[in-house]
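Please read the structure below before turning to the comments.
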Amino acid sequence: QAPGHPLECDAAGGAPHGSVGGEQAEVEVRLRHRASGMELMVSVPPGATMRNVLRAAAALAGDESISILGRIVRPAQGQMIPYDADELLGSRRRLMYVGPALP
């Protein structure tokens, strides 16, 4: 990894991206903190849920509060609306996040 480039991990927070053979290729998702603008790149399976993305971020950051207190949100009618934790990631690759600070 290049200096300053975040390490990537799977949705369960385990092995680094690409380390498990025979599984579907993972997708990279950019999580951006709404208040600070800090970004974190995580790798999750294509069928991941928003909860999986938060768990991957928490594992990568070493901060479980990200998955407990954090929410992935979208703008709607002038406010930020959280996605349901079980909503599928689908084709989204850039997500807005509110909650504890990202590293």
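What to note about this one:
- The set of residues in segment 27-62 being part of a helix (DSSP H, G or I) and over 14 Å from residue 100 (Cα atoms) consists of 50, 51, 52, 53, 56.
- Leading residue by the ranking (nearest to residue 37 (Cα to Cα)) among those in segment 63-98 that are part of a loop (DSSP other than H, G, I, E, B) and touching a residue at least 40 places away in the same chain (Cβ under 8 Å): 93
- Counting the residues of segment 58-80 that are among the β-branched types (Val, Ile, Thr) and open to solvent by 50 Å² or more (accessible area, probe 1.4 Å) gives 1.
The values are calculated or read from the model by the stated rules, or taken from the named source; none is laboratory data. Not measured: the values here are computed from a predicted model. In this analysis, Cβ positions are derived from the backbone assuming ideal geometry, glycine residues included, and neighbour counts consider all displayed protein chains. Side chains included, ligands, DNA and RNA excluded: accessible areas come from the protein's heavy atoms. Shrake-Rupley method; radii C 1.70, N 1.55, O 1.52, S 1.80 Å.
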